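Please read the structure below before turning to the comments.
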Amino acid sequence: MIFLKFNFKKNNTGRRGMEVESRERMKKIHAKPINIWEDFFKDKTHGGHRYSTEEFLAMEAREKLFHLDGGKTLLDFGCGSAELLTYYAPEYEKLVGVDFSPSMLREADKRIKEKQCNNIDLILANHETIWDNLQFTFDRITAAGVIQYLTFQEIDAFIANASKYLNTDGKIVFFDILDPRLYPLWKLGLFAPKAGVLKALYRIWCDFRYSVSATLKNRPRNIYGFSHNPYKLQRIANKHGFEMRYVQSMYYEYKYHAIMSRI
Ligand SMILES: C[S@@+](CC[C@H](N)C(=O)[O-])C[C@H]1O[C@@H](n2cnc3c(N)ncnc32)[C@H](O)[C@@H]1O
C-alpha cells in the first residue's frame with residue numbers, strides 16, 4: 001500500500017518545517033488513487049464546514065472537545081487542514097493528524113505554524129496505512145466529517161485497528177456522521193429557512209442531474225459520501241468490545257456523533 005509520511009525537521013529559524021519524504025511517491029499516489037475519495041480530496045484545502053469563519057470553527061471545536069471529554073493524547077483521523085485540530089491542541093499534550101490528501105496536509109502544516117501548535121505531528125496515510133505509522137497509543141481517537149467516506153466494512157476494520165492503539169480508558173469518537181433518516185430531508189431543503197414543495201422538487205431535479213453527470217464521469221455525486229445508520233454502527237462497536245452512545249450534532253441537523261468507550 002502506498003503511503004507518504006510527512007517528516008518534521010527543524011529549519012534555520014528553529015520552527016518545525018514539513019518535508020515530503022519522496023516526491024516520486026507523491027506522483028505515484030496521485031497517478032493511481034486507491035479510491036474515488038482520495039482522488040476527490042487530493043487538491044482540496046478545506047473541510048467544508050458550514051461557515052469557514054474562525055468564530056464558527058472555534059464553536060464547533062468547543063462542542064467536540066466537550067464530547068472528547070479529556071485525555072492527554074489524541075489522534076485526529078482525516079484531520080484535513082487542521083481547522084479543528086488546532087483548536088484541540090491547547091487541551092492535549094500530544095496530537096497526531098492523519099489525512100490522505102497532500103493538499104490538505106500542506107494547509108494543515110501552514111495553519112499549525114501560524115497558530116504555533118508545537119505539539120502536533122502530521123502523517124499522510126489512509127484508513128489502512130495509518131496503523132503502521134503510529135509510534136504510540138492514544139487516549140482519544142477521533143474523526144470529524146470523515147466516516148461518511150468509509151463503508152461499514154471499512155469502519156469495522158478501522159474500529160478493530162483503533163482498539164489496538166487506544167489506551168485502556170480511551171475513547172473513539174466519530175463526529176458528524178450522516179444520519180440516513182435525516183439526511184434525505186436536509187437534501188430536500190426541509191431545514192432551510194424558506195422550505196417548500198417547489199424548492200424540494202427543484203432540489204430533486206438538480207440532484208438527479210448531478211448524479212447522472214457524476215456517474216458518467218465516474219466521480220462522486222457530491223462531497224457528502226455515505227450515510228450510516230447509528231444502530232448498525234452500534235452493533236459494530238459492540239462487536240469490538242465498545243459501548244456506543246450517539247448524540248445529535250449541535251451545528252448540523254442531519255448529522256450525529258458516535259462516542260465509543262470500552263465495555
Ligand atoms: C470533510 S473533510 C473534514 C476535515 C476535518 N476533519 C475537519 O473537520 O475540518 C474530510 C477529510 O477526511 C479526509 N479523508 C477522507 N477519507 C479518508 C481516508 N480513508 N483516509 C484518510 N483521510 C481521509 C479527506 O482528505 C478530508 O481532508
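Each value in this text was obtained by applying a stated rule to the coordinates, not by laboratory testing. Values in this document were obtained by computation on a predicted structure and should not be read as measured data. Note: ideal-geometry Cβ built from the backbone for every residue, glycine included; neighbour counts use all protein chains shown.
Structure notes:
- Remark: ILE112, ILE204 ranked as ILE204, ILE112, counting other beta-carbon atoms within 10 Å and listing the fewest first.
- Model label zone, ASN229; criterion: amide N under 14 Å from point 7 Å along Cα-to-beta-carbon; scope the range 169-207: 179-182
- Residues ASP69 and GLN135, FRET efficiency given R0 of 35 Å [Cβ-Cβ distance, rounded to 0.05]: 0.90
- Simple spin-label estimate for PHE208 and GLU253 in nanometres, 7 Å along Cα-Cβ: 2.4 nm
- Order of LYS239, LYS42 under a 10 Å beta carbon neighbour criterion, fewest first: LYS239, LYS42
- Taking a sphere under 11 Å around the Cβ of ALA192 and counting the other residues whose Cβ falls inside, with K and R at +1 and D and E at -1, yields a net charge of +3.
- Counted by Cβ distance under 10 Å from VAL146, the other residues give a net charge of -3, where Lys and Arg count +1 and Asp and Glu count -1.
- If you plug the beta carbon distance of GLU114 and ASN35 into 1/(1 + (r/R0)^6) with R0 = 35 Å, you get a FRET efficiency near 0.65.
- Under 5 Å, built H, 5+ apart or other chain: amide partners of PHE242: ILE263
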